[in-house]
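To start, the structure under review is shown below, and the notes come after it.
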Amino acid sequence: KSIPGVENVGMISDLPFTSQNRFRRFNRVEDPMPGNDAPSVEYHHVDAGFLETAGITVVTGRGITEVDRGESAPVVVLSESAASLFWPAGDILGKQLVVGRGPDGVRATVVGVVVDVLDDGLNSRAEPRIFFPYLQAPSFRMSYLDRKSVV
């Protein structure tokens, strides 16, 4: 951010508009979907600056922030289409998803919903996505994204 002309910087585990995509099964903690009905959803590890840098608008709740660290309760932010997969009937803030299966799954509280965005190319459709705070769920591979001011 200290470089002249750079407005904002963020990190993401898999750069947009590349073939780098990760999928995992997620399920609701309350009223879980049976067996293989739990959807496999694309997910990303991001830092507190990513959503703003990428221009991804928060629809309700909040995005990932600096307080979402390893010692704080696990949280997630869902895209609108991911939110409707799990809770088609409405308000999801404060609800929990479990990552993985059985007792080893990690529970994370939904703190925000963001707009759906394209990720796989301009001719693709927006797919459901889940965003994890990098400081709570570190990834072995991260990329920087910066937004520069236009002069």
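If the condition is being part of a strand (DSSP E or B) and closer than 16 Å to residue 110 by Cβ, then the stretch 43-74 contributes 43, 44, 46, 58, 59, 60, 61. Each residue in the stretch 35-60 was checked for being over 17 Å from the mean Cα position of the chain (by Cα), open to solvent by 40 Å² or more (accessible area, probe 1.4 Å) and at pLDDT 80 or above, and 1 of them qualify. Hey, any hits in the stretch 94-117 for a residue that's open to solvent by 50 Å² or more (accessible area, probe 1.4 Å), free of Cβ contacts under 8 Å to residues at least 40 places away in the same chain, part of a loop (DSSP other than H, G, I, E, B) and closer than 24 Å to residue 21 by Cα? Looking for residues that are open to solvent by 50 Å² or more (accessible area, probe 1.4 Å), free of Cβ contacts under 8 Å to residues at least 40 places away in the same chain, part of a loop (DSSP other than H, G, I, E, B) and closer than 24 Å to residue 21 by Cα, one finds at least one in the stretch 94-117, hence yes.
The values are calculated or read from the model by the stated rules, or taken from the named source; none is laboratory data. If you're wondering where the values come from, they're calculated on a predicted model, not measured in any experiment. Note that each Cβ is placed from the backbone with ideal geometry, even for glycine, and that neighbours are counted across all protein chains shown. Remember, those area values only see protein heavy atoms, side chains included, never the ligands or the DNA or RNA. Shrake-Rupley method; radii C 1.70, N 1.55, O 1.52, S 1.80 Å.
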